[in-house]
1. With springs connecting C-alpha atoms under 10 Å apart, model the chain as a Gaussian network and identify which of 140, 150, 25 has the largest mean-square fluctuation.
2. Any idea what angle helix 54-74 forms with the longest principal axis of the chain, computed on alpha-carbon atoms, 0 to 90 degrees, nearest 10?
3. Once you put a point 7 Å from the Cα of residue 126 and another 7 Å from the Cα of residue 170, both along the Cβ direction, what distance in nm separates them?
4. How many nm separate the modelled label positions at residue 12 and residue 92, each set 7 Å beyond the Cα in the direction of the Cβ?
5. Taking springs between alpha-carbon atoms closer than 10 angstrom, which of 133, 223, 169 fluctuates most in the Gaussian network model of the chain?
6. What's the FRET efficiency of residue 1 with residue 64 using the Cβ-Cβ distance as r and R₀ = 30 Å, to the nearest 0.05?
7. Helix-only estimate, please: 222 nm mean residue ellipticity of the chain, summing -39500 (n - 2.57) across DSSP H runs of length 4 or more and dividing by its residues, to the nearest 500.
8. Would you please state which residues of the range 205-239 a label at residue 178 would reach in this model, taking the label point 7 Å out along Cα→Cβ and a backbone N cut-off of under 14 Å?
């Protein structure tokens with residue numbers, strides 16, 4: 001359970017940093033604004049029929065909030081340690097690479113939950129005035145949870161490759177935007193190629209959740225995506241052994 005020690009260390013670092021609170025405030029302000037604006041739009045043009053897409057509007061906007069904030073949250077995980085030289089000290093402790101990766105990933109994941117949970121206040125207040133089916137809302141929250149977890153895993157890997165936090169954040173943005181735009185030019189590609197690209201697109205797999213549909217194939221995709229990037233992070237840290245660094 002040594003990864004919990006690393007996790008607590010990272011959480012202390014997050015909650016002692018004003019940057020983390022700024023990111024938390026930005027995420028909550030943006031998600032609150034999108035909920036309000038989408039609700040007003042839906043009331044004016046949607047005829048109060050919630051199943052036709054209110055949560056789809058809200059959570060498709062919330063994915064943008066996660067895309068904006070999470071790379072800034074993960075950029076420091078390994079990059080800062082490398083720049084300050086504390087990564088060398090960390091490697092002298094009786095902690096395996098897997099425990100270091102899991103501890104840092106878990107800390108960032110917990111902070112993401114800290115950002116995500118307060119957003120449930122808006123639907124709860126709305127439910128007080130207009131009772132709606134809870135199932136589609138829970139499915140959408142599961143989707144944004146899985147999507148955010150995938151963002152974090154990607155950010156952890158990129159942070160392990162560099163000691164520059166800005167480079168880490170920008171490279172993470174680049175990869176995530178690539179997975180977003182992957183299927184935007186489907187008209188110029190063969191149908192079989194488009195079918196493969198759809199299977200690789202993070203945001204297309206999230207789309208079903210935003211509509212209140214839970215597909216086990218989408219859940220499996222996110223689980224494999226997270227596992228792949230955590231494995232790549234382990235391999236990235238393992239490079240030092242080839243260089244003779246212990």
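None of the figures in this text is laboratory data; all of them are computed from the coordinates on show. Predicted model only: the values in this text are computed from it and were never measured. Here the Cβ is made from the backbone with ideal geometry for all residues, glycine too, and neighbour counts use every protein chain on show.
1. 25
2. Here the helix axis deviates by roughly 20 degrees.
3. 3.7
4. My value for the distance between the label points is 1.8 nm.
5. 133
6. Working: r = 36 Å, r/R0 = 1.20.
Given R0 = 30 Å and the Cβ-Cβ separation, E is 0.25.
7. Counting only the DSSP helices, I get -26000 deg cm²/dmol.
8. 229
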